[in-house]
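Below you'll find the structure, written out as C-alpha coordinates, and then a few comments.
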Amino acid sequence: MAVRRVLRLGHPLLREVARPLAAAQIGSEAMRCLVADMVDTLHDYGGIGLAAPQVGESLRLAIIEIAGGPTRYGELAPMPLTVFVNPVIEVLDQATVGYWEGCLSVPGLRGFVERPQHVRVRYLSDRGEPRSLELRGFPATVFQHEFDHLDGRLYVDGLADPRLLVFDEEYERYHRTAPAAR
Ligand code: NI
(Lines give C-alpha, C1' and ligand atoms only; values in the text may rest on other atoms or scores of the structure.)
Protein backbone atom coordinates (compact mmCIF):
# COMPACT_ATOMS: atom_id res chain seq x y z
CA MET A 1 0.00 0.00 0.00
CA ALA A 2 1.12 3.55 -0.42
CA VAL A 3 1.01 7.12 0.71
CA ARG A 4 -0.78 9.12 -1.98
CA ARG A 5 -0.42 12.77 -2.78
CA VAL A 6 -3.24 14.85 -1.31
CA LEU A 7 -4.88 17.15 -3.86
CA ARG A 8 -4.84 20.82 -2.90
CA LEU A 9 -7.32 23.67 -3.14
CA GLY A 10 -7.62 24.54 -6.81
CA HIS A 11 -7.64 20.96 -8.12
CA PRO A 12 -10.97 20.60 -9.98
CA LEU A 13 -11.61 17.09 -8.62
CA LEU A 14 -12.02 18.54 -5.12
CA ARG A 15 -15.02 20.47 -6.45
CA GLU A 16 -16.84 17.49 -7.98
CA VAL A 17 -19.81 15.72 -6.43
CA ALA A 18 -18.43 12.23 -5.82
CA ARG A 19 -20.19 9.05 -6.99
CA PRO A 20 -21.73 6.62 -4.51
CA LEU A 21 -20.06 3.22 -4.33
CA ALA A 22 -22.11 0.52 -6.03
CA ALA A 23 -22.92 -2.61 -4.00
CA ALA A 24 -20.38 -4.63 -6.02
CA GLN A 25 -17.61 -2.13 -5.22
CA ILE A 26 -18.11 -2.25 -1.44
CA GLY A 27 -15.58 -4.60 0.14
CA SER A 28 -13.94 -5.26 -3.23
CA GLU A 29 -10.19 -5.64 -3.57
CA ALA A 30 -10.04 -2.21 -5.27
CA MET A 31 -11.90 -0.56 -2.40
CA ARG A 32 -9.75 -2.26 0.20
CA CYS A 33 -6.60 -1.05 -1.59
CA LEU A 34 -7.97 2.49 -1.75
CA VAL A 35 -8.85 2.45 1.97
CA ALA A 36 -5.39 1.10 2.85
CA ASP A 37 -3.80 3.90 0.80
CA MET A 38 -6.03 6.46 2.50
CA VAL A 39 -5.05 5.17 5.96
CA ASP A 40 -1.35 5.32 5.03
CA THR A 41 -1.85 8.82 3.63
CA LEU A 42 -3.78 10.08 6.68
CA HIS A 43 -1.12 8.74 9.03
CA ASP A 44 1.72 10.14 6.93
CA TYR A 45 0.24 13.64 6.59
CA GLY A 46 -1.33 13.63 10.07
CA GLY A 47 -4.95 14.57 10.58
CA ILE A 48 -8.33 13.43 11.77
CA GLY A 49 -9.97 12.48 8.51
CA LEU A 50 -9.53 12.02 4.79
CA ALA A 51 -12.06 11.74 1.98
CA ALA A 52 -11.46 9.74 -1.20
CA PRO A 53 -11.63 12.82 -3.50
CA GLN A 54 -8.62 14.23 -1.62
CA VAL A 55 -6.52 11.39 -3.03
CA GLY A 56 -8.00 11.73 -6.50
CA GLU A 57 -10.87 9.20 -6.30
CA SER A 58 -14.29 10.74 -6.88
CA LEU A 59 -16.12 8.25 -4.61
CA ARG A 60 -18.34 8.71 -1.54
CA LEU A 61 -15.88 7.20 0.89
CA ALA A 62 -14.10 8.75 3.87
CA ILE A 63 -12.08 7.65 6.89
CA ILE A 64 -12.06 9.32 10.30
CA GLU A 65 -9.85 8.63 13.31
CA ILE A 66 -10.08 10.72 16.51
CA ALA A 67 -7.28 10.16 19.00
CA GLY A 68 -9.38 11.41 21.92
CA GLY A 69 -8.27 12.80 25.23
CA PRO A 70 -8.10 16.38 26.48
CA THR A 71 -8.17 19.10 23.81
CA ARG A 72 -8.96 22.78 23.80
CA TYR A 73 -12.48 21.72 22.84
CA GLY A 74 -12.81 19.63 26.02
CA GLU A 75 -12.39 15.92 26.56
CA LEU A 76 -12.90 14.06 23.29
CA ALA A 77 -13.99 10.44 23.16
CA PRO A 78 -11.60 8.49 20.94
CA MET A 79 -12.92 7.04 17.69
CA PRO A 80 -10.84 4.24 16.23
CA LEU A 81 -10.19 4.45 12.52
CA THR A 82 -13.57 4.00 10.84
CA VAL A 83 -14.50 3.72 7.17
CA PHE A 84 -17.64 5.51 6.00
CA VAL A 85 -19.19 4.37 2.71
CA ASN A 86 -21.95 6.46 1.10
CA PRO A 87 -22.56 8.49 4.28
CA VAL A 88 -25.61 10.70 4.67
CA ILE A 89 -25.69 13.37 7.33
CA GLU A 90 -28.86 14.64 8.99
CA VAL A 91 -28.83 17.78 11.15
CA LEU A 92 -30.78 17.15 14.38
CA ASP A 93 -30.34 20.63 15.83
CA GLN A 94 -29.60 23.74 13.74
CA ALA A 95 -27.81 25.56 16.60
CA THR A 96 -24.22 26.18 15.53
CA VAL A 97 -20.84 26.47 17.23
CA GLY A 98 -17.65 27.58 15.51
CA TYR A 99 -14.24 25.90 15.48
CA TRP A 100 -10.96 26.67 13.78
CA GLU A 101 -10.75 24.05 11.04
CA GLY A 102 -7.83 22.87 8.98
CA CYS A 103 -7.70 20.60 5.96
CA LEU A 104 -4.95 18.54 4.31
CA SER A 105 -6.15 20.01 1.00
CA VAL A 106 -5.62 23.55 2.31
CA PRO A 107 -2.18 23.19 3.91
CA GLY A 108 -0.83 25.86 6.19
CA LEU A 109 -4.15 27.58 6.82
CA ARG A 110 -6.95 27.55 9.35
CA GLY A 111 -10.41 29.02 9.21
CA PHE A 112 -13.22 29.61 11.67
CA VAL A 113 -16.39 27.81 10.61
CA GLU A 114 -19.73 27.54 12.39
CA ARG A 115 -21.68 24.33 11.98
CA PRO A 116 -24.62 22.52 13.62
CA GLN A 117 -23.45 20.55 16.66
CA HIS A 118 -25.90 17.66 16.73
CA VAL A 119 -26.08 15.39 13.70
CA ARG A 120 -26.89 11.82 12.76
CA VAL A 121 -24.82 9.93 10.19
CA ARG A 122 -26.13 6.91 8.31
CA TYR A 123 -23.54 5.01 6.34
CA LEU A 124 -22.34 1.61 5.24
CA SER A 125 -19.37 -0.08 6.87
CA ASP A 126 -16.44 -1.25 4.76
CA ARG A 127 -18.35 -4.57 4.46
CA GLY A 128 -21.57 -2.90 3.37
CA GLU A 129 -23.40 -3.18 6.67
CA PRO A 130 -25.78 -0.28 7.44
CA ARG A 131 -24.71 1.75 10.45
CA SER A 132 -25.81 4.91 12.23
CA LEU A 133 -24.02 7.28 14.59
CA GLU A 134 -25.20 10.33 16.49
CA LEU A 135 -22.60 13.02 17.13
CA ARG A 136 -22.49 16.14 19.26
CA GLY A 137 -19.96 18.95 19.56
CA PHE A 138 -16.57 18.89 17.85
CA PRO A 139 -17.03 15.40 16.31
CA ALA A 140 -20.20 16.70 14.61
CA THR A 141 -18.02 19.39 12.99
CA VAL A 142 -15.39 16.81 11.95
CA PHE A 143 -17.96 14.63 10.21
CA GLN A 144 -19.58 17.55 8.38
CA HIS A 145 -16.14 18.74 7.22
CA GLU A 146 -15.18 15.29 5.88
CA PHE A 147 -18.47 14.55 4.18
CA ASP A 148 -18.55 18.04 2.60
CA HIS A 149 -15.58 16.81 0.54
CA LEU A 150 -17.91 14.24 -1.07
CA ASP A 151 -20.08 17.09 -2.34
CA GLY A 152 -17.20 19.19 -3.64
CA ARG A 153 -17.24 21.60 -0.70
CA LEU A 154 -14.26 22.80 1.33
CA TYR A 155 -14.33 24.52 4.70
CA VAL A 156 -13.20 27.78 3.15
CA ASP A 157 -16.64 27.97 1.49
CA GLY A 158 -18.28 28.28 4.90
CA LEU A 159 -16.07 30.73 6.76
CA ALA A 160 -18.03 32.59 9.40
CA ASP A 161 -16.18 35.72 8.27
CA PRO A 162 -13.70 35.89 5.35
CA ARG A 163 -11.25 37.61 7.69
CA LEU A 164 -11.13 34.46 9.82
CA LEU A 165 -8.83 32.59 7.43
CA VAL A 166 -5.28 32.66 8.77
CA PHE A 167 -1.93 30.91 8.45
CA ASP A 168 -1.04 28.30 11.10
CA GLU A 169 1.74 30.46 12.48
CA GLU A 170 -0.50 33.51 12.88
CA TYR A 171 -3.23 31.29 14.33
CA GLU A 172 -0.83 30.11 17.04
CA ARG A 173 0.36 33.65 17.64
CA TYR A 174 -2.84 35.67 17.60
CA HIS A 175 -5.92 33.43 17.64
CA ARG A 176 -5.30 30.22 19.56
CA THR A 177 -5.86 31.73 23.01
CA ALA A 178 -8.31 34.36 21.79
CA PRO A 179 -10.89 32.39 19.83
CA ALA A 180 -12.93 34.38 17.36
CA ALA A 181 -15.84 35.82 19.27
CA ARG A 182 -19.05 35.23 17.39
NI1 NI B 1 -10.63 18.47 4.68
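Among the trypsin sites (Lys or Arg not before Pro) in the stretch 114-145, those located in a DSSP loop and surrounded by at most 14 other Cβ atoms within 10 Å of their own Cβ are R127. Accessible surface computed residue by residue for the chain, with neighbouring protein chains in place and a 1.4 Å probe, gives 52 Å² per residue. Across the chain, Cα pairs under 8 Å and at least six residues apart give a relative contact order of 22 percent. In the stretch 94-149, the portion of solvent-accessible area held by carbon and sulfur atoms comes to 48 percent [1.4 Å probe, whole percent, DNA, RNA and ligands not counted]. When you filter the trypsin sites (Lys or Arg not before Pro) in the stretch 9-73 for DSSP loop state and at most 15 other Cβ atoms inside 10 Å of their Cβ, you are left with R72. Couplings for the stretch 86-95, taken from phi via the Karplus curve 6.51 cos²θ - 1.76 cosθ + 1.60 with θ = phi - 60°, read 6, x, 10, 10, 10, 7, 9, 8, 6, 4 Hz in order; Gly and Pro are left as x. In sequence order, the stretch 26-40 has phi-based couplings of 6, x, 5, 4, 4, 5, 5, 5, 4, 4, 4, 5, 5, 5, 4 Hz under the Karplus curve 6.51 cos²θ - 1.76 cosθ + 1.60, θ = phi - 60°, and Gly or Pro positions carry x.
Taking amide hydrogens as placed 1.01 Å from N in the peptide plane, the amide H of L59 sits under 5 Å from those of R19, each at least 5 positions away in sequence or on another chain. Annotation: amide H-H contacts under 5 Å for G152 (H modelled 1.01 Å from N, sequence separation of 5 or more, or interchain): A18.
The values are calculated or read from the model by the stated rules, or taken from the named source; none is laboratory data. Please read these numbers as outputs of a predicted model, since none were measured by experiment. No Cβ is skipped: glycine too gets one built from the backbone with ideal geometry, and neighbour counts run over all protein chains shown. We work out accessible area using only protein heavy atoms, side chains counted, and drop any ligands, DNA or RNA first. Shrake-Rupley method; radii C 1.70, N 1.55, O 1.52, S 1.80 Å.
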